1. Out of the residues in the range 43-97 meeting the condition of being among the charged types (D, E, K, R) and in a helix (DSSP H, G or I), tell me which one is nearest to residue 12 (Cα to Cα).
2. Would you please list the contacts, defined by Cβ atoms under 6 Å and residues six or more apart or on different chains, that run from a residue in the range 61-78 that is touching a residue at least 60 places away in the same chain (Cβ under 8 Å) to a residue that is open to solvent by 90 Å² or more (accessible area, probe 1.4 Å)?
3. Give the residue that is nearest to residue 62 (Cα to Cα), with candidates limited to residues of the range 245-277 that are open to solvent by 60 Å² or more (accessible area, probe 1.4 Å) and out of contact with any strand residue (DSSP E or B) (no Cβ under 7 Å at 6 or more places or on another chain).
4. Could you pull out the residue among 53, 119 that is in contact with a helix residue (DSSP H, G or I) (Cβ under 7 Å, 6 or more places away or on another chain), more than 21 Å from residue 178 (Cα to Cα), aliphatic (A, V, I, L, M) and open to solvent by less than 10 Å² (accessible area, probe 1.4 Å)?
5. Checking residue 222 against (1) small (Gly, Ala, Ser); (2) surrounded by fewer than 18 Cβ atoms within 10 Å (Cβ to Cβ); (3) over 21 Å from residue 278 (Cα atoms), which single condition isn't satisfied?
6. Output the qualifying pairs, or none if there are none: Cβ atoms under 6 angstrom, residues six or more apart or on different chains, first residue in the range 270-282 and under 9 Å from residue 234 (Cα atoms), second residue assigned to a helix (DSSP H, G or I) and not charged (D, E, K, R).
7. State yes or no: is residue 70 modelled with pLDDT of 80 or more, open to solvent by 40 Å² or more (accessible area, probe 1.4 Å), over 30 Å from residue 113 (Cα atoms) and among the aromatic types (Phe, Trp, Tyr)?
8. Please go through (1) out of contact with any His (no Cβ under 8 Å at 6 or more places or on another chain); (2) under 25 Å from residue 177 (Cα atoms); (3) touching a residue at least 40 places away in the same chain (Cβ under 8 Å); (4) among the aliphatic types (A, V, I, L, M) for residue 95 and return the number of the only condition it doesn't satisfy.
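The values are calculated or read from the model by the stated rules, or taken from the named source; none is laboratory data. This one's a predicted model, so the numbers in the text were calculated from it and none came from an experiment. Neighbour counts are summed over all protein chains in view; Cβ atoms, including those assigned to glycine, are modelled from backbone coordinates with ideal geometry. Surface areas here come from the heavy atoms of the whole protein model, side chains and all, with no ligands, DNA or RNA. Shrake-Rupley method; radii C 1.70, N 1.55, O 1.52, S 1.80 Å.
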Amino acid sequence: MSASGGTKAIVAALAANLAIAVAKFVAFLFSGSSSMLAESVHSLADSGNQGLLLVGGKKAKRQATPEHPFGYGRERYIYAFLVSIVLFSLGGMFALYEGYEKIKHPHELTDWWWPVGVLVFAILAESFSFRTAIKESNHLRGKQSWKEFVRRAKAPELPVVLLEDLGALVGLILALFGVGLAILTGNGVWDGIGTLCIGILLVLIALVLAAETKSLLLGESAGIEDVRKIEASLVDGDTVTGVIHMRTMHLGPEELLVAAKIAVRHDDTATEVATAIDAAESRVRTAVPIARVIYLEPDIYQAAKSEPAEAIKPQTEAAEAPETPETPGSA
């Protein structure tokens with residue numbers, strides 16, 4: 001669902017941004033508005049960003065190889081991080097430069113109806129794209145707030161499109177504000193001020209995207225609910241009596257690695273332990289289908305080797321404590 005929903009939101013945003021970019025550039029040619037030029041570059045950068053997300057999604061589907069045994073799921077994180085770089089450099093920095101130049105060398109706008117008309121059209125088109133992104137995100141967001149969804153989502157496409165569309169709408173309002181004041185006062189400095197505000201907005205959004213995708217690239221643990229399901233699924237109360245400690249990490253948005261040391265009874269045979277491990281893996285995959293790679297190590301439970309509950313919480317809740325060195329002779 002996340003992949004298809006993300007693709008739908010990306011395509012909607014791409015179609016809207018390409019149309020808007022052309023319209024804004026035409027308005028700039030007729031009016032000379034720097035806000036229109038900054039906004040046209042912004043929309044062009046957004047279009048390129050959506051293209052990057054589509055490429056990343058396609059590359060992530062490649063099969064695992066001996067050189068990359070865990071697959072290519074993180075390609076989606078890499079391309080999302082590139083989006084933040086493009087948004088910062090091509091969108092934000094260009095707008096800051098253009099706004100500075102317009103304030104330093106202001107000139108009166110001509111054919112003002114072009115930028116106003118295009119901005120109204122762009123607001124309508126971006127609203128459609130933003131609505132699509134919100135609708136698709138609601139399928140995955142659940143009871144999370146929008147802030148929590150952006151921070152904790154493992155699939156990067158929807159948070160990226162959401163922030164881009166939000167930034168685009170706010171930027172359009174700032175551009176309309178700057179152009180409107182420039183028309184009313186006859187002072188082109190207002191157009192430059194609006195452009196500067198757009199640049200600051202884009203830089204801030206780029207920094208937020210960079211921080212969130214960096215966390216995904218480093219490797220985030222499973223969500224709280226998935227961790228609880230995995231722990232409950234591992235224990236059968238017969239051969240597997242408990243979880244000594246566990247680590248999880250997303251290899252991609254829909255692929256989870258699970259590594260756990262499980263407690264077994266000291267008098268169980270090797271055959272019984274092997275059968276119990278196979279059964280535990282099956283239960284985990286049923287409870288959390290994205291748990292694709294599972295490594296289970298059986299051991300005899302010792303209180304000194306177990307970890308406090310906080311240590312196996314996801315990274316978003318608490319930092320993981322270093323693993324206690326194993327004692328010689330452990331299984």
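1. From the range 43-97, those among the charged types (D, E, K, R) are 46, 58-59, 61-62, 67, 74-76; that's our starting set.
Filter once more, so that each one left must be in a helix (DSSP H, G or I): 46, 58-59, 75-76.
On the way: 46: 12, 58: 17, 59: 21, 75: 22, 76: 19 Å.
Step by step, filter the range 43-97, then rank; the result is 46.
2. Going by the 6 Å Cβ cut-off, the qualifying pairs are 72/62.
3. Here is the first cut: in the range 245-277, the ones open to solvent by 60 Å² or more (accessible area, probe 1.4 Å) are 249, 265-267, 269-272, 275.
Checking which are out of contact with any strand residue (DSSP E or B) (no Cβ under 7 Å at 6 or more places or on another chain) leaves us with 267, 269-272, 275.
On the way: 267: 44, 269: 40, 270: 37, 271: 36, 272: 37, 275: 32 Å.
Residue satisfying both the conditions and the ranking: 275.
4. Details: 119 fails: more than 21 Å from residue 178 (Cα to Cα).
Of 53, 119, the one residue that is in contact with a helix residue (DSSP H, G or I) (Cβ under 7 Å, 6 or more places away or on another chain), more than 21 Å from residue 178 (Cα to Cα), aliphatic (A, V, I, L, M) and open to solvent by less than 10 Å² (accessible area, probe 1.4 Å) is 53.
5. That leaves (2) as the condition not met.
6. 280/234
7. Numbers: modelled with pLDDT of 80 or more: yes; open to solvent by 40 Å² or more (accessible area, probe 1.4 Å): yes; over 30 Å from residue 113 (Cα atoms): yes; among the aromatic types (Phe, Trp, Tyr): yes.
Yes; evaluated as a whole, the condition is true for this residue.
8. If we test residue 95 against (1) out of contact with any His (no Cβ under 8 Å at 6 or more places or on another chain); (2) under 25 Å from residue 177 (Cα atoms); (3) touching a residue at least 40 places away in the same chain (Cβ under 8 Å); (4) among the aliphatic types (A, V, I, L, M), just (1) comes out false.
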